[in-house]
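The values are calculated or read from the model by the stated rules, or taken from the named source; none is laboratory data. These figures come from a predicted structure and were not determined experimentally. Cβ placement follows ideal geometry from the backbone for every residue including glycine, while neighbour counts extend to all protein chains displayed. Only protein heavy atoms, including side chains, enter the accessible area calculation; ligands, DNA and RNA are left aside. Shrake-Rupley method; radii C 1.70, N 1.55, O 1.52, S 1.80 Å.
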Amino acid sequence: MVEKLRDVSAVVTDVSSGKEENKAALCNRFSLDVSKPLFSFIGRLVYEKGADLFPSVVYKSLLKKNINILILGEGKEEIASELRSLQIHFKDGFACEIGFNEALAHQIYAGSDFLLMPSRVEPCGLNQMYALRYGTIPIVRRTGGLNDTVVDIGDGGFGICHMQASVKDICDSIKRAEVLYQNKKLLNKIRKKCMLIDHSWDISAQEYLTLYKSLTH
């Protein structure tokens, strides 16, 4: 049963305590250390999503035991099998749930600090936009819709971007996120910026309306 969560997307002014509450519930469910930054992936365990890279990413990133990684998804059995094996090796910092559970997915969006999306192909991408509304910072590869919707913090944006779908690029991005996590003031500032981004049709509809009105004059 998924624990009841506080809706951080509706509490921008209190993002820190809202995120902490949701993260505590999520970490409690998967026996993860709530004091460590939590990196998550939600999606299909397939080549196109870069999921085949996760076994190596998990192994390399968790050797220092200073972060948590949580994966929810289904797809290629060989990827799922490797991830299950890593749960035995990294009992304290890694959890994976093979399959899909929409309610759990929202709990992960709400409770995670960072969302991993190392896609090789991503025409649009919705997960990064869901994450933004929950104040969860997306870590994405610069491709397709991810490149269109996520701006790197180094460019004054709100996400962390990398060029290649590779273990090295993902691990380097995770290291950048670890540094950000230690700067709580900047972290909360970026979380608030994430939550205020509006990718709804309300904005697009207004732009179309403005365009149509301009054509009548």
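If Y181 meets every condition in (1) within 19 Å of I108 (Cα to Cα); (2) surrounded by 20 or more Cβ atoms within 10 Å (Cβ to Cβ) apart from one, which number is that one?
All conditions are met except number (2).
So, A177, is that one modelled with pLDDT of 95 or more and either assigned to a loop (DSSP other than H, G, I, E, B) or charged (D, E, K, R) (or both) or not?
Values: modelled with pLDDT of 95 or more: yes; either assigned to a loop (DSSP other than H, G, I, E, B) or charged (D, E, K, R) (or both): no.
Answer is no for this residue.
With the structure loaded, tell me whether C96 is free of Cβ contacts under 8 Å to residues at least 60 places away in the same chain, within 17 Å of the chain's Cα centre (by Cα), within 23 Å of D152 (Cα to Cα) and open to solvent by 10 Å² or more (accessible area, probe 1.4 Å) or whether it fails that test. Quick ask: steps written out before the conclusion?
Working: free of Cβ contacts under 8 Å to residues at least 60 places away in the same chain: yes; within 17 Å of the chain's Cα centre (by Cα): yes; within 23 Å of D152 (Cα to Cα): no; open to solvent by 10 Å² or more (accessible area, probe 1.4 Å): yes.
Considered against the rule, which asks whether it is free of Cβ contacts under 8 Å to residues at least 60 places away in the same chain, within 17 Å of the chain's Cα centre (by Cα), within 23 Å of D152 (Cα to Cα) and open to solvent by 10 Å² or more (accessible area, probe 1.4 Å), C96 comes out as no.
Hey, I197 hits all of (1) open to solvent by 40 Å² or more (accessible area, probe 1.4 Å); (2) touching a Leu at 6+ places or on another chain (Cβ under 9 Å); (3) modelled with pLDDT under 95 but one; which does it fall short on?
With respect to (1) open to solvent by 40 Å² or more (accessible area, probe 1.4 Å); (2) touching a Leu at 6+ places or on another chain (Cβ under 9 Å); (3) modelled with pLDDT under 95, I197 is out only on (1).
Looking at A80, A51, A103, can you tell me which residue is of a type in the set (A, V, I, L, M, F, W, C) and either open to solvent by 80 Å² or more (accessible area, probe 1.4 Å) or in contact (Cβ under 8 Å) with a residue 60 or more places away in the chain (or both)? Show your work before the answer.
Numbers: A80 fails: either open to solvent by 80 Å² or more (accessible area, probe 1.4 Å) or in contact (Cβ under 8 Å) with a residue 60 or more places away in the chain (or both); A51 fails: either open to solvent by 80 Å² or more (accessible area, probe 1.4 Å) or in contact (Cβ under 8 Å) with a residue 60 or more places away in the chain (or both).
Criteria check complete, one pass: A103.
Can you tell which of S35, S31 is on the phi > 0 side of the Ramachandran plot, open to solvent by 70 Å² or more (accessible area, probe 1.4 Å) and either in contact with a Ser or Thr (Cβ under 7 Å, 6 or more places away or on another chain) or modelled with pLDDT of 95 or more (or both)? I'd like the intermediate steps shown before the answer.
Working: S35 fails: on the phi > 0 side of the Ramachandran plot.
None of the others qualify; the one that does is S31.
From the list I203, I190, exactly one residue is assigned to a helix (DSSP H, G or I), without any contact (Cβ under 8 Å) to a residue 60 or more places away in the chain and touching a Phe, Trp or Tyr at 6+ places or on another chain (Cβ under 6 Å). Which is it? First the steps, then the outcome.
Details: I203 fails: touching a Phe, Trp or Tyr at 6+ places or on another chain (Cβ under 6 Å).
Result: I190 is the single residue among I203, I190 that is assigned to a helix (DSSP H, G or I), without any contact (Cβ under 8 Å) to a residue 60 or more places away in the chain and touching a Phe, Trp or Tyr at 6+ places or on another chain (Cβ under 6 Å).
Give the residues of segment 126-164 that are touching a Phe, Trp or Tyr at 6+ places or on another chain (Cβ under 9 Å) and aliphatic (A, V, I, L, M), sorted by residue number.
Correct list: A131, L132, I137, I139, V150, V151, I160.
Is it the case, given these coordinates, that G159 is over 22 Å from L38 (Cα atoms) and in contact (Cβ under 8 Å) with a residue 12 or more places away in the chain? Before you say what the answer is, go through the steps one by one.
Values: over 22 Å from L38 (Cα atoms): no; in contact (Cβ under 8 Å) with a residue 12 or more places away in the chain: yes.
No.
Please work out which one of (1) touching a strand residue (DSSP E or B) at 6+ places or on another chain (Cβ under 6 Å); (2) assigned to a loop (DSSP other than H, G, I, E, B); (3) not aliphatic (A, V, I, L, M) is the condition K64 fails and give its number.
(1)
What number of residues within segment 125-151 satisfy the criterion of being open to solvent by 10 Å² or more (accessible area, probe 1.4 Å), assigned to a helix (DSSP H, G or I) and under 19 Å from L196 (Cβ atoms)?
Of the residues in that region, 6 qualify.
For A110, work out the one condition from (1) hydrophobic (A, V, I, L, M, F, W, C); (2) in contact with a Leu (Cβ under 7 Å, 6 or more places away or on another chain); (3) over 21 Å from S16 (Cα atoms) it doesn't fulfil.
Result: A110 fails condition (3) only.
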